[in-house]
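No value in this document is a laboratory result; all are computed from the given coordinates. What you see is a predicted model; the values in this text were computed from it and never measured.
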Amino acid sequence: MTEKKSAVIAWIIGWIVAVIYITGLAFLVPFAIILLFPPDVFILPPNLVKLTLISAGLVVASAVILMLQKKSMGDALASLAAMTFLVGIIAAILALFGQHKIMSFLGFLGTLKPVAEGYIAYWAFFVPKVWASIAGYFVLGIILWITGNRLRREQHKISWMQKIFGKRVQIFK
């Protein structure tokens, strides 16, 4: 019974961490795009620094929680890579379908006129730069995946050496 309970708790924690990580990445996108433009193009919002700190904190907190849950840096980085790829795939789909199809799909935005107008302005101004952030998601995902797999292989070697020679074994590279 306790194994099932701990598996359910681990699953719930995994989903919460995924939501926190993806939210943090989503909040970092506007900051990264704003940095691509000179300051005279538009006025920077006063909450930008707070939003950036909050989003960076969300990303770091989710990574730390995932590392504590997985008890392996390699497994945690591989999980973060999968979530980063997911964000990149969703962003690519949204960028490919275009403004009109997304606006028709999100019909409820018609009732929220200011939100819809802001979305249209955002789409017209930033979509050319969005592809750079999408590429950034995929590059970050690849880096996390490669690093995670290398750490997993190294941990696997160490665990087999410890099983054979005991806990005091030292691995020299």
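Contour minus end-to-end for Trp131 and Ile9, with contour as 0.36 nm per residue of separation and end-to-end as the Cα-Cα distance?
My answer for the length gained is 40.2 nm.
Relative to the present Cα-Cα distance, how much length would full extension add between Ile143 and Gln155 at 0.36 nm per residue of separation?
Numbers: separation 12, 0.36 × 12 = 4.32 nm, distance 1.81 nm.
So the chain would gain 2.5 nm between Ile143 and Gln155.
Quote to one decimal, in nm, the extra length available between Phe97 and Leu53 on full extension: 0.36 nm per residue of separation minus the C-alpha distance between them. Don't skip to the answer; put the middle values down first.
On the way: separation 44, 0.36 × 44 = 15.84 nm, distance 3.11 nm.
Gain on extension, Phe97 to Leu53, equals 12.7 nm.
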